[in-house]
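Novice: Once you've had a glance at the structure underneath, I'll fire off some questions.
Coordinate-derived values only; no laboratory data. Computed from a predicted model, the values in this text were never measured in an experiment. Methodologically, a virtual Cβ is constructed for each residue, glycine included, from the backbone with ideal geometry; neighbour enumeration extends over all protein chains shown.
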Amino acid sequence: MPFLSLKFNLQKRVKLAQGLWMLYWLAVIVGIILFSLGIFFKIELRKRSEIMDNNESHLVPNLLILVGMLSCGLNAFGGKLCHDSLDPQKFSKMKPMLRPYMLLCCGFNVLLLLLVLLSFLMQFAVYLTLAEGLKNAIRFYKDTDTPGRCFMKRTLDMTQIEFRCCGNNNFRDWFEVQWISNRYLDMSNDVVKDRVLSNVEGKYLMDSVPFSCCNPGSPRPCIQHHLTNNSAHYDYDHRTEELNIWNRGCRQAVFSYYSGIMNSIGALLIFTIVLEAGDVAGLKYLSTALETMADPENPECESEGWLLEKGFKETLADLLSKVKTFGRANQVEEGGASPDADAT
Amino acid sequence: MALLKMKFSQQRRVRLAQGLWLLSWLAVMCGAFIFCLGVYLKIELLRRDEVMEDTDIHAVPNLLMLVGLASIGANWVASRVCQDSLDASRFPRWKVLLLGWYAVAVLLCCLLLAVVVLSYALQGRLEESLKVGLRNGIRFYKDTDVPGRCFQKETIDRLQMEFRCCGNNNFKDWFEIQWVSNRYLDFTSQEVKDRIRSNVDGRYLLDGVPFSCCNPASPRPCLQNQLTDSRAHYNYEYQSEELNLYSRGCRQALTDYYMGLMNSTGPGVLSVILIQLSVLLSMRYLQTAVDGAMALESPEGESEGYILEKDVKATYAEVKAKALDLLKFAQVDPASEVAGAEEGEKAAEASAKAATPPPAS
């Protein structure tokens, strides 16, 4: 009993071939979209690699680019198959390629599934890389004269302005590092000497933040320095002041941006899997419908198409027995050994 | 002697019709492109509406949108004409429309040229408008509690950060106005009182700038206050410090941005003009060739296509004569005027005679 069989006359076969052709070309377009999304994601990761310590993982965008190209190629070939399928001569030439092609498509679907899982799981890796990278970026903010780190200040300032965030978890991260280079500190000044001597490591710590933490939406000009000292500024209470600087931490802000990209990649991949599965099923129906034509000379005849030749359980049993016999081919058979022993 | 005559066989006519159909659909896409360009430019101008005083520059995107829509319509009509051109029964109904269509196409090309010219000519107006708008924006920066102006601060801050500029002409514009609101000034402090008394208008002026003027590329943390005092900061020299703040003025930055936008659309607009002109010329050839073919006994035969039936001078003389004829219709003809005058006099005498007897009786 074939699994999910349907009857096809000429008109239905033609409609199936046409519909399948359009579906294949839709899948090609989706492949192109996946490819461009992969490139976009790669560029976005590269743009901010400095705040991720330059060791962010490019696995997801690279795989996405590969998958996009494969999808274009496979689906264009599938579209060509559909186009030729209604011409009996061309179809008989294509027949031997059908089975390996469908197996390839199934393998491609498995790859897509793997990529979906990756795009959801790699978000953890991005989060951890960001946390570490931002911590280092804040530490190296002042090193504008150290080769290899001279642009860290600019990158971090632009990131804080663009993502409307301050510090790693929040703005207090800036209180714990020295973010003013020693070149701009007057070491002969008493105030500076006091601050430097007041902590174990000899760092010049302040309760101030860089200008890039300022919120333009605040009604008052930005207060950057002496943030915890209410008496340093007129009409200022640091516990109730909300609009002065950004409250969000950059780890959260940048992570939600990347997480959004990866989630939409995952959603698009799920859609692609459904589309590909539909394509493979349609191709199976079309090929079986064309193969089971009772009278190959007469195109008008009826035929039957199915997904699996036998029922679902029987096909599974068949597969299992094939796998078992494949393993047994290497074993020596017991019956064969004894005649030799008798002969000698 | 016809202008630029060409011979068209049936096959060439068919090819011309097909080619023109494709070209007119290309021209429809170009019209859509021009429309989208106009919309994009208008949105960009509207986004910075708050720092512009007047809207003269909006003529450029408005004209682009109008021309885009008209071009879509005209070229769609052209494609319909092409479709019907090889069918002798359906082509004649378009004949009346075609003269009007040529006029519309020429008008569209002229308007597109005008847009290119305008985008250069209005640069001065744009700068003026930006100068006044930015000056007001900077003056009202502190008024975050005045309804209607509460977002001026945020607008100016975001503008300075996005366009990497400071002030109107340069950062010194911020020294001339009070940009800290009185709500945040401690009037009991001696320093504040001194500053306010030091100038005629009683304003709190500083040699400081808002944080949005800070340049992130500077190697040192941003210095915003006491900018003119080299001793106020360690290792700081006011005259030679270049990277601390943005050195460009916002008026210059915005003008450059908009001029750049309009210049980059220049080549696109010029190529659309070329495409429209080629549609116009091909349509004229198709019309004359098909008309010639329909006039022949055998419609499949060769016909001639031309741009003008006679050469330029003869056509001009003809058009002038026709125009004068039309004008003469309005004037009364001199010969019939004399006859009409005599009749009028006779009628007047008759009515006069009829009028006089009653007083006698």
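Novice: For peptide B:209-219, how many partner chain Cβ atoms fall within 10 Å of a residue's Cβ, on average?
Specialist: Per residue, the average neighbour count from other chains is 6.
Novice: Over segment A:139-292, what portion of Cα pair distances is larger than 20 Å, expressed as a whole percent? Spell out each step's value before the answer.
Specialist: Working: 7569 of 11781 pairs.
Within segment A:139-292, distances greater than 20 Å cover 64 percent of Cα pairs.
Novice: Further question on the same structure: Of A:Lys142, A:Lys15, A:Lys324, which has the largest mean-square fluctuation in a 10 Å C-alpha GNM of chain A?
Specialist: A:Lys324
Novice: Ok, one more. Ordered by packing density, taken as the mean number of other Cβ atoms within 10 Å over each peptide's residues, highest first, how do B:158-164, A:110-116 rank?
Specialist: Values: B:158-164: 18.1, A:110-116: 16.3.
Put in order of decreasing packing, that is B:158-164, A:110-116.
Novice: How long are the three semi-axes of the equivalent ellipsoid for segment A:55-204, computed from the Cα gyration tensor as the root of 5 times each eigenvalue, in whole Å, largest first? Spell out each step's value before the answer.
Specialist: Working: eigenvalues 731, 39, 23 Å².
Its equivalent ellipsoid spans semi-axes of 60, 14, 11 Å.
Novice: In addition: What does the structure give for A:207-219 when I average, per residue, the other chain Cβ atoms found within 10 Å of the residue Cβ?
Specialist: Numbers: counts 0, 1, 1, 5, 12, 5, 1, 7, 3, 13, 6, 5, 10.
That average works out to 5.
Novice: Continuing with the same structure: Take B:Phe329, A:Phe41 and order them by how many other Cβ atoms sit within 10 Å, fewest up front. Write out the running numbers ahead of the final one.
Specialist: Working: B:Phe329 7, A:Phe41 22.
Sorted ascending by nearby Cβ count, the order is B:Phe329, A:Phe41.
Novice: Suppose the chain between B:Val104 and B:Gln190 were pulled fully straight at 0.36 nm per residue; how much longer would it get relative to their current alpha carbon spacing?
Specialist: Details: separation 86, 0.36 × 86 = 30.96 nm, distance 7.30 nm.
Here the segment from B:Val104 to B:Gln190 would lengthen by 23.7 nm.
Novice: Moving on. How high is the FRET efficiency from B:Glu44 to A:Asn263, r the C-beta distance, R0 30 Å, rounded to 0.05? Numbers along the way, then the final one.
Specialist: Working: r = 31 Å, r/R0 = 1.03.
Efficiency, from the Cβ-Cβ distance: 0.45.
Novice: For segment B:46-95, report the % of Cα-Cα distances exceeding 11 Å.
Specialist: Details: 913 of 1225 pairs.
Taking all Cα-Cα pairs of segment B:46-95, the fraction more than 11 Å apart is 75 percent.
Novice: Same structure again: At a Förster distance of 51 Å, what's the computed FRET efficiency of B:Asn136 paired with A:Asn199, Cβ-Cβ distance as r, to 0.05?
Specialist: Numbers: r = 48 Å, r/R0 = 0.94.
For B:Asn136 and A:Asn199, the calculated efficiency is 0.60.
Novice: I would also like to ask the following. Taking the Cβ of each residue in A:Val192, B:Val290 as the centre, tally the other Cβ atoms inside 10 Å and list the residues starting with the fewest.
Specialist: Fewest-to-most ranking of A:Val192, B:Val290: A:Val192, B:Val290.
Novice: Could you give the radius of gyration (one decimal) and Dmax (whole number) of the Cα atoms in segment B:171-247, in Å?
Specialist: When restricted to Cα atoms, segment B:171-247 yields Rg and Dmax of 13.7, 38 Å.
Novice: Ok, one more. Would you kindly state how much longer the chain becomes between A:Met69 and A:Val14 on full extension, computed as 0.36 nm times their sequence separation minus their alpha carbon distance, in nm to one decimal? Working shown, then result.
Specialist: Working: separation 55, 0.36 × 55 = 19.80 nm, distance 2.89 nm.
Contour length minus the Cα-Cα distance gives 16.9 nm.
Novice: How big is D, in µm² s⁻¹, for segment B:85-155 by Stokes-Einstein at 37 °C and 0.692 mPa s if Rh is the Kirkwood radius over C-alpha pairs?
Specialist: On the way: Rh = 17.1 Å.
The Stokes-Einstein estimate is 192 µm²/s.
Novice: Work out how far the C-alpha atoms of segment B:8-138 reach from end to end along every principal axis, then list the three figures in whole Å, largest first.
Specialist: So the three principal-axis extents are 70, 21, 21 Å.
Novice: Could you list, in their original order, any pairs among A:Lys7/A:Lys93; B:Lys5/B:Lys313; A:Lys12/A:Lys80; A:Lys15/A:Lys322 whose Cα atoms are separated by more than 27 Å?
Specialist: Values: A:Lys7/A:Lys93 24 Å; B:Lys5/B:Lys313 16 Å; A:Lys12/A:Lys80 19 Å; A:Lys15/A:Lys322 36 Å.
Too far apart for the 27 Å limit: A:Lys15/A:Lys322.
Novice: For the protein assembly as shown, what is the per residue volume of the convex hull drawn over the alpha-carbon atoms, in cubic angstrom?
Specialist: Working: hull volume 318.1 nm³, N = 705.
Given the Cα convex hull of the protein assembly as shown, per-residue volume reads 451 Å³.
Novice: Show log10 I(q)/I(0) for chain A at q = 0.07, 0.16 Å⁻¹, two decimals, from a solvent-free Debye sum over equal Cα scatterers.
Specialist: Per q value, in the given order, log10 I(q)/I(0) is -0.55, -1.28.
Novice: Moving to a separate point now. Dipole size in debye (nearest 20) for segment B:171-247 around its Cα centre, Lys and Arg Cβ +1, Asp and Glu Cβ -1?
Specialist: Working: 8 positive and 11 negative charges, 47 e Å.
In debye, rounded to 20, segment B:171-247 gives about 220.
Novice: If I take R0 = 41 Å and measure r between the Cβ atoms of B:Asp56 and B:Ala217 in this structure, what FRET efficiency does the formula 1/(1 + (r/R0)^6) give, to the nearest 0.05? Intermediate results must be reported in sequence, preceding the final value.
Specialist: Details: r = 35 Å, r/R0 = 0.86.
Efficiency at R0 = 41 Å is approximately 0.70.
Novice: Would you mind giving the average projected area, over all directions, of the Cα convex hull of chain B in nm² with one decimal?
Specialist: On the way: hull surface 159.0 nm².
Over every viewing direction, the Cα hull of chain B projects on average to 39.8 nm².
Novice: By per-residue mean of other Cβ atoms within 10 Å, what is the highest-first order of A:156-167, B:106-117?
Specialist: Working: A:156-167: 21.2, B:106-117: 16.6.
Sorting A:156-167, B:106-117 by mean packing, highest first, produces A:156-167, B:106-117.
Novice: About its Cα centre, what dipole magnitude does chain B give when the only charges are +1 on Lys and Arg Cβ and -1 on Asp and Glu Cβ, stated in debye to the nearest 20? Write out the running numbers ahead of the final one.
Specialist: On the way: 39 positive and 42 negative charges, 134 e Å.
Roughly 640 debye, rounded to the nearest 20.
Novice: For each of B:Asp256, B:Asp325, count neighbouring Cβ atoms within 10 Å of the residue's Cβ, then give the residues from fewest to most. Could the numbers behind the result be given before it?
Specialist: Values: B:Asp256 13, B:Asp325 9.
The order, fewest Cβ neighbours first, is B:Asp325, B:Asp256.
Novice: Looking only at other chains, what is the average number of their beta-carbon atoms within 10 angstrom of each beta-carbon in B:106-113? Intermediate results must be reported in sequence, preceding the final value.
Specialist: Details: counts 0, 0, 0, 0, 0, 0, 0, 0.
Mean partner-chain Cβ count within 10 Å for B:106-113: 0.
Novice: How far is helix A:10-47 tilted off the main Cα axis of chain A, in degrees rounded to 10, range 0 to 90?
Specialist: Taking the Cα atoms of chain A, the angle to A:10-47 is about 20 degrees.
Novice: Name the residues whose placed amide hydrogens come within less than 5 Å of the amide hydrogen of A:Phe8, ignoring near sequence neighbours (fewer than 5 apart) on the same chain.
Specialist: When sequence neighbours closer than 5 places are left aside, the close amide H contacts are A:Ser303, A:Glu304, A:Gly305.
Novice: Another one. Taking the C-alpha atoms of segment B:67-123, how large are the radius of gyration and the largest Cα-Cα span, Dmax, in Å?
Specialist: 15.0, 53
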